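Values in this text are rule-based calculations from the coordinates and carry no lab data. Quantities reported herein were computed from a predicted structural model and do not represent experimental measurements. Here Cβ is always computed from backbone atoms with ideal geometry, including for glycine, and neighbour counts include all displayed protein chains.
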Amino acid sequence: MGFNILIVDDSSSIRRLLKKVLELSGIELGEVLEASNGLEALDVLKREWVDFILCDIHMPKMDGIQFLRELKRDEVLSRIPIIMVSTEGREEIVQEVKALGIRAYVKKPFSPEEIREVIENLIGEEFSRDERDSS
Amino acid sequence: MKEILREIFPKIMEKMFFLVAEELEGGTSSQRGDYVAEIILKGPKLLTLRILVPRSLGIVMFKNLFPEEDPEEDRLKDMLQELANMVGGNLISLLGAQWQLGLPQVYPSIEALGFLIGKNPILEYDIEGETITLYLEG
């Protein structure tokens, strides 16, 4: 069974691009789910389990920072690893999202290689953690 | 502000759309374009960044990103919104904490050019023989 991944970004171009990068990455994929803001993403997470989330910061209705705060309030959802993918480069905002527990930060514009490397590292860490936990 | 834009814009075009943007010294003032991608930057003052893009260049950008897709109007506009978002986001990243990014918009054709009559571009670039023009107002 492959990894279920949720992509949260208000730009359909970025969602499609990230999906394409995931498909070409060689990562074993389950379902790739999409949401265009934090509210939609929370709705998806009520119905589906995902292994990790790729999330933007600047979005209408509920931005990435509010979304992270909502996840942090939930014991189960707060365990999902999150990679932020955003144009935001201001140190104070990056530090704020890091403090909310994200696992990696990728700044837009990104290259497919950057995204692939970050995801592969994350999957590597998760696998080794799972193996450690089960031994 | 112009220097920051001069630093970030070609990088975005190259990294995201695999295109080389060559600055047009002195400008062309041609104001040719079919779409305006716009984003508002809120800070010590209100700035509006507008990027005038010819449709043919938009299609080249689109095909570089999504070679297997048709450049439908909605998808083309969404891509140009993201271009404005990236330029605006990278600009405020260098301007500092007091700046906020609005949500990007794209206006088509005649409606778009109405914003730009009499305005001087801040930067113009040649990309594959097409001109992309940046305006910063406020």
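Panel order for A:116, B:50, by other beta carbons found within 10 Å of each beta carbon, from fewest to most: A:116, B:50.
For the protein assembly as shown, the mean residue ellipticity at 222 nm estimated from helices alone is -14000 deg cm²/dmol, where every DSSP H run of n ≥ 4 contributes -39500 (n - 2.57) and the total is divided by all residues, rounded to the nearest 500. Distance between Cα centroids, segment A:18-60 to segment B:80-134: provide it in whole Å. Measuring centre to centre over Cα atoms gives 28 Å. What you get for segment B:18-136, charging only the Cβ of Lys and Arg (+1) and of Asp and Glu (-1), is a dipole of about 660 debye around the Cα centre. The radius of gyration of the Cα set in chain B, together with its Dmax, comes out at 14.0, 43 angstrom. State, to one decimal in nm, how far the label point of residue B:74 lies from the label point of residue B:105, with both points 7 Å from Cα in the Cβ direction. Once both label points are built, they end up 2.0 nm from each other. Here the label points at residue B:66 and residue A:39, each 7 Å from Cα along the C-beta direction, are separated by 2.5 nm in the simple model. A straight Cα-to-Cα reach below 29 Å connects residue B:11 with the lysines A:19, A:20, A:98, A:107, A:108, B:2, B:42, B:45, B:63, B:77, B:119, residues fewer than 8 places away in its own chain not being considered.
In segment B:8-82, the convex hull through the Cα atoms has an average projected area of 6.0 nm², a quarter of its surface area. Semi-axes of the equivalent ellipsoid of chain A are 20, 18, 16 Å, computed as sqrt(5λ) over the eigenvalues of the C-alpha gyration tensor in descending order. Set Lys and Arg Cβ to +1 and Asp and Glu Cβ to -1, take the dipole of chain A about its Cα centre, and tell me which of A:97, A:22, A:53 lies farthest positive. Toward the positive end, the furthest listed residue is A:97.
Around the Cα centre of segment A:3-134, unit charges on the Cβ atoms of Lys, Arg, Asp and Glu (plus for the first two, minus for the last two) sum to a dipole of about 280 debye. Applying Stokes-Einstein at 20 °C and 1.002 mPa s to the Kirkwood radius of the protein assembly as shown, computed over alpha-carbon pairs, gives a translational diffusion coefficient of 110 µm² s⁻¹. Peptide B:13-22 has a mean shielding of 2, counted as Cβ atoms of other protein chains within 10 Å of each residue's Cβ. Going by neighbour counts of Cβ atoms within 10 Å, the residues B:133, B:48 line up, fewest first, as B:48, B:133.
Between the residues A:44, B:121, A:71, the greatest Cα displacement towards the positive end of the dipole of the protein assembly as shown, with unit charges on the Cβ of Lys, Arg, Asp and Glu, is found for B:121. Shielding by partners for peptide A:46-59, expressed as the average number of C-beta atoms from other protein chains within 10 Å of each residue's C-beta, is 1. Compute a Gaussian network model of chain A, connecting alpha carbons closer than 10 Å, and tell me which residue from A:27, A:82, A:102 fluctuates the most. Most flexible of the set in this elastic network: A:27. Legend: ranking of residues A:111, A:11 from fewest to most surrounding C-beta atoms inside 10 Å; resulting order A:111, A:11. Comparing A:21, A:76, A:50 in a Gaussian network model of chain A, where Cα atoms under 10 Å apart are tied by springs, the biggest mean-square fluctuation is seen for A:76.
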